[in-house]
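Encoded as structure tokens, the structure appears first; notes follow it.
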2 protein chains.
Amino acid sequence: MPQDIYDKIMMLAKRRGYIYPSFEIYGGVAGFYDYGPLGSQLKNNVENLWRSFFLLKDNCIEINTPTITLHDVLKASGHVEEFTDLTVDCEKCKRSYKVEDIINDNISVEQALRKDKIKCPTCGKKLKDAHPVNLMFSTTIGAGEGRAAFLRPETAQGIFTNFHLLYRYNRERLPFGVIQIGKGYRNEISPRQGMLRLREFSMAEAEVFFDPEDKKHHNFDSVKDKELFLFDNEKEFKISLEEAVDKKIINNQALAYYMYLTQDFLLSAGVDSKKFRFRKHGSGELAHYATECWDTELYSMRFGWIECVGIADRSAYDLNAHIDSTNVDMYAMKKFDEPKVVKVKKIVPKMNVMGPFFKDKAGKIKDLLEKIDVKDTKKISVEVDGEIIEIPENCYEIVETKEKMMGEKFVPHVIEPSFGIDRVVYFLLEHNYAEIKKKGEEYRILKLTPQMAPIKVGVFPLIGDKKLVDIAKDIDKNLRNAGVETYYDDGGTIGRRYARMDEIGTPFCITVDHDTLEDNTVTVRDRDTTQQERMKLGQLVSYFQKRLEF
Amino acid sequence: MPQDIYDKIMMLAKRRGYIYPSFEIYGGVAGFYDYGPLGSQLKNNVENLWRSFFLLKDNCIEINTPTITLHDVLKASGHVEEFTDLTVDCEKCKRSYKVEDIINDNISVEQALRKDKIKCPTCGKKLKDAHPVNLMFSTTIGAGEGRAAFLRPETAQGIFTNFHLLYRYNRERLPFGVIQIGKGYRNEISPRQGMLRLREFSMAEAEVFFDPEDKKHHNFDSVKDKELFLFDNEKEFKISLEEAVDKKIINNQALAYYMYLTQDFLLSAGVDSKKFRFRKHGSGELAHYATECWDTELYSMRFGWIECVGIADRSAYDLNAHIDSTNVDMYAMKKFDEPKVVKVKKIVPKMNVMGPFFKDKAGKIKDLLEKIDVKDTKKISVEVDGEIIEIPENCYEIVETKEKMMGEKFVPHVIEPSFGIDRVVYFLLEHNYAEIKKKGEEYRILKLTPQMAPIKVGVFPLIGDKKLVDIAKDIDKNLRNAGVETYYDDGGTIGRRYARMDEIGTPFCITVDHDTLEDNTVTVRDRDTTQQERMKLGQLVSYFQKRLEF
């Protein structure tokens, strides 16, 4: 079988220290990969660039919450019920499959199974009925019975459950954005897309909180004429942010702005703009929490268009869910320009009736009744210790009063750009991989941008002569002390050393030769132009700091 | 109860956005904390400083492996058997306790339980027998039966299981160091020390591989006269690295060097040198994998001396364990200066005897016999498909031959500095916290170093005048674009704004006032000296880049 680009990249990645299959010496498990020395550095560079877009450019704040998450949080967020894949198991060999992977989408699951149109892809025997399987890894906190928990399916819930504290940190002003970078988990039934379908992955998410009636962004005007690359499930087209919002192709400024920030980030990182587009989710595709979602899709020669970022309008879904589950005040406040006098209906409990009727529960019920916001007065009920109690009409009066309101409470909406960092890393490798022939042999170049490249400068003495070696080691040390990642190499011909650096994406190489001893100059070679120029030793640090945009 | 320093710090941390208890709106769980906006930034600064010590100064390489780890890996490493706490459960209320927490160390567990000297601390009833409980969080990969896995108790195993690939990456030369920064997990029975006893924590570990006969470090000479702060379990004393190694107080140069690197890192980060020491583990305290270990202990006013870093000589323990479990070649090679001719004993199987005797297993047994390194010839046995088969003497001959050896294989030893990042973060807060009285009121200052401080510069317009506001916002933006974290604040008196910045550890504040409109200067205030100086607008960026050691 001829190698396709994915095979070539994964082989290069393993041979040169970008990516290793996890637990390989123990037979490996699908859905887990290790980042080697170069891969870790590339991933760090991607995350740092992402931070510079979201923290420094967009003024977000960053938080960091545990990967282990209490069952109650994910029950409230809907993940316990909704974060599932429809799965079938084989009667005989007990293997499990994701229905989507093995059943052609022209036929429903029920049909396929009923008519025995589909058998176990491994052993050929009958499959059992399809059932949803939750995709969260579960675990238990503490000894004995402990407390049920999951590994988080997204970093977002750690942000939502702290909303009230973060809102206070931001001096109770909207909009503001909160980012989190860290691990997410998805216990895939049987992942089959290598690096692109991981069970443990790195995410970078931003949750930006807005007044639902004001989904604008203060930087929108400065980018409104820029073009987004959209795909409406029929054709691809370019359109300015302003036009896309005016024509309601994108629902609001905020969503359009974060789409542009995403595009700008990915193209700056080195994604190929011809293999980049936004695709809008159809209503059937939307996650349980989203009202609108655009995927950033990147094109892979093996896998086709792959989602790397989802930019969703989660509306007030999550904050409402946590308010409903905990009764904690997670509202924002909109101050009126001047106080308003409004009519409010209040429940006044009659304790002389409730006391004998509800006995020891009467006090609790009274407190709950007084907090109820009366709109529909047909039936009044409260929840006490998990029990729903309907309150007979003779237990209370409804009184209308006037109150002076300084503002009104509301639940903010959330715009969420959610990045799969591992996929971005993979696509930077695929989109920047080039093969040429050199002296009849295959020659590989990874054209990573200088900012993304794990190693910035290769440093070589032309030959093993101690004088040259000492100078080269000095240069190496000076660059490292200035924060420039280097790779010192004195093995093999200069050609082979250039080839090693080209293959791992190092943008520059320095060679110390005999002329260096005479005139204090070295050769600096550019990976992409292969041009070489002589440069004074004393200029090297500042030259690279400039070229690397420090 | 009067607040002690821990309470004060945790209150400040929550109020100002350093640290929040996790899942608080769902009642919380001991052993989990969230980093708020300031805490995340401080933690990032600590990790980046750590990276600069280990990646740039010490030339280590970095890798990144999953937190979910296959059972087989942790079985081999000894964690399944050894990573336990002796635990007792209550017969009545079923609560579990770590024996160490509830039994006085003057009396053995058996004695305490037998004599009913100790009762359940919660309900007062009888406790059951003590038993070891494993401290790893367990989970399952995949649907159905799946594969058993744990959340990693340390990042180190991800490095060891890749040793052969990393050794190749390093061009098969020793020594070299590999770092990993990421989450570690320990399912504590009932953690009671707040931030200092987490169930999910951030670690930074370095595994440095050495030739066991050459545990030297190439930078040792440059630091050999520096002093380490040691505690020998009786007294504290200072001693130079060289003397400590010469007197065998510390076993080898490599260990002493990494102790110094650790000390240098922690003191640079802002740990109080008077609250810092290294304490050597007694033989009874050593982890199952260690032959020597020094803890870096930091002093807390509430908790006393607390381990923050362990610097262990893990010898060849882990690599041997993985070689034994997988038979993968994870050796290093020491090349001889010139080839040596050595006598070797080899087993020559007699297939005419073995064939009829072992039938279809004979071929496999032959292959295994030929690989055996013959030292003790009394009994020869091999393992085939999990069965140990003893080989009768008439099945083989032992032949002595001469072979030309180019070098010899050995299993490298490992020196491991392992940092608990959350503890470092907590101690930076405690050691840098100061209270003074100002106008009769309590005034709090966090004296974080400029490099560690989450916010570097507060930017204030003196009053809400649009002209001043515009200039202040411009300064804020320019500093952020230059990578300097700022906090723009136009609320309240200047005194209150300084106080807010002092309390969160911001080293500098800029105030724009009416003179700014005249002469383009602003006031720059230094947190620690409270000195104010006028400075030109155009100088600000370069001034702060210098003060912040960019």
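The values are calculated or read from the model by the stated rules, or taken from the named source; none is laboratory data. From a predicted model like this one, the values you see are computed outputs, not experimental measurements. Neighbour counts are summed over all protein chains in view; Cβ atoms, including those assigned to glycine, are modelled from backbone coordinates with ideal geometry. Quick note on the areas: whole protein, heavy atoms, side chains included, nothing else; ligands and nucleic acids left out. Shrake-Rupley method; radii C 1.70, N 1.55, O 1.52, S 1.80 Å.
Tallying residues that are within 22 Å of the chain's Cα centre (by Cα) and free of Cβ contacts under 8 Å to residues at least 40 places away in the same chain within region B:1-19 yields 0. Taking the numbered list (1) more than 7 Å from chain A (Cβ to nearest Cβ); (2) assigned to a helix (DSSP H, G or I); (3) at pLDDT 95 or above in turn, B:Gly31 passes all entries but (2). Number of residues in region B:40-74 that are outside any strand (DSSP E or B) and at the interface with another protein chain (Cβ under 7 Å from one of its Cβ atoms): the value is 10. Within region B:405-434, the set of residues being in contact with a helix residue (DSSP H, G or I) (Cβ under 8 Å, 6 or more places away or on another chain) and open to solvent by 30 Å² or more (accessible area, probe 1.4 Å) comprises B:Arg423, B:Tyr433. The single condition among (1) over 30 Å from A:Gln263 (Cβ atoms); (2) modelled with pLDDT under 95 that A:Ala76 does not satisfy is (2). Taking A:Leu12, is it part of a helix (DSSP H, G or I), buried (at least 23 other Cβ atoms within 10 Å of the Cβ), at negative phi and more than 8 Å from chain B (Cβ to nearest Cβ)? The answer is no for A:Leu12.
If you go through region A:423-461 and keep only what is aliphatic (A, V, I, L, M) and not in a loop (DSSP other than H, G, I, E, B), you end up with A:Val424, A:Val425, A:Leu428, A:Leu429, A:Ala434, A:Ile436, A:Ile445, A:Leu446, A:Val457, A:Val459.
The single condition from (1) part of a helix (DSSP H, G or I); (2) open to solvent by less than 20 Å² (accessible area, probe 1.4 Å); (3) more than 27 Å from B:Asn44 (Cβ to Cβ) that B:Thr523 fails is (1).
Each row is one residue, and each column tells you yes or no for (1) open to solvent by less than 40 Å² (accessible area, probe 1.4 Å); (2) modelled with pLDDT of 95 or more.
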site: B:Leu468; (1), (2): yes, yes
site: B:Lys473; (1), (2): no, yes
site: B:Ala482; (1), (2): yes, no
site: B:Glu485; (1), (2): no, no
site: B:Ala499; (1), (2): yes, yes
site: B:Glu503; (1), (2): yes, yes
site: B:Cys509; (1), (2): yes, yes
site: B:Thr516; (1), (2): yes, yes
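Scan region A:462-471 and tell me whether some residue there is of a type outside the set (A, V, I, L, M), within 16 Å of A:Lys43 (Cβ to Cβ), in contact (Cβ under 8 Å) with a residue 12 or more places away in the chain and not in a strand (DSSP E or B). Checked region A:462-471: no residue is of a type outside the set (A, V, I, L, M), within 16 Å of A:Lys43 (Cβ to Cβ), in contact (Cβ under 8 Å) with a residue 12 or more places away in the chain and not in a strand (DSSP E or B).
Any residue that is part of a loop (DSSP other than H, G, I, E, B), closer than 26 Å to B:Val411 by Cα and either within 13 Å of chain A (Cβ to nearest Cβ) or open to solvent by 30 Å² or more (accessible area, probe 1.4 Å) (or both) - is there at least one of those in region B:174-183? Checking region B:174-183: at least one residue is part of a loop (DSSP other than H, G, I, E, B), closer than 26 Å to B:Val411 by Cα and either within 13 Å of chain A (Cβ to nearest Cβ) or open to solvent by 30 Å² or more (accessible area, probe 1.4 Å) (or both).
Quick check: anything in region B:83-98 open to solvent by less than 10 Å² (accessible area, probe 1.4 Å), part of a helix (DSSP H, G or I), hydrophobic (A, V, I, L, M, F, W, C) and more than 9 Å from chain A (Cβ to nearest Cβ)? No, because not a single residue in region B:83-98 is open to solvent by less than 10 Å² (accessible area, probe 1.4 Å), part of a helix (DSSP H, G or I), hydrophobic (A, V, I, L, M, F, W, C) and more than 9 Å from chain A (Cβ to nearest Cβ). Residues of region B:132-154 that are under 23 Å from the mean Cα position of the chain (by Cα) and outside any strand (DSSP E or B): B:Leu135, B:Met136, B:Phe137, B:Arg152, B:Pro153, B:Glu154. Filter region B:155-167 down to the residues that are part of a loop (DSSP other than H, G, I, E, B) and within 7 Å of chain A (Cβ to nearest Cβ), then identify the one that is surrounded by the most Cβ atoms within 10 Å (Cβ to Cβ). In this case the residue turns out to be B:Thr161. A single entry from A:Asn187, A:Asn170 fulfils the requirement of being crowded, with 20+ Cβ neighbours inside 10 Å and either hydroxyl-bearing (Ser, Thr, Tyr) or assigned by TED's automatic domain parsing to the domain that holds A:Ala254 (or both): A:Asn187.
Give me the residue from region B:192-219 that is under 16 Å from B:Gln263 (Cβ atoms) and crowded, with 17+ Cβ neighbours inside 10 Å and, out of that set, modelled with the lowest pLDDT. Taking the candidates together, the pick is B:His217.
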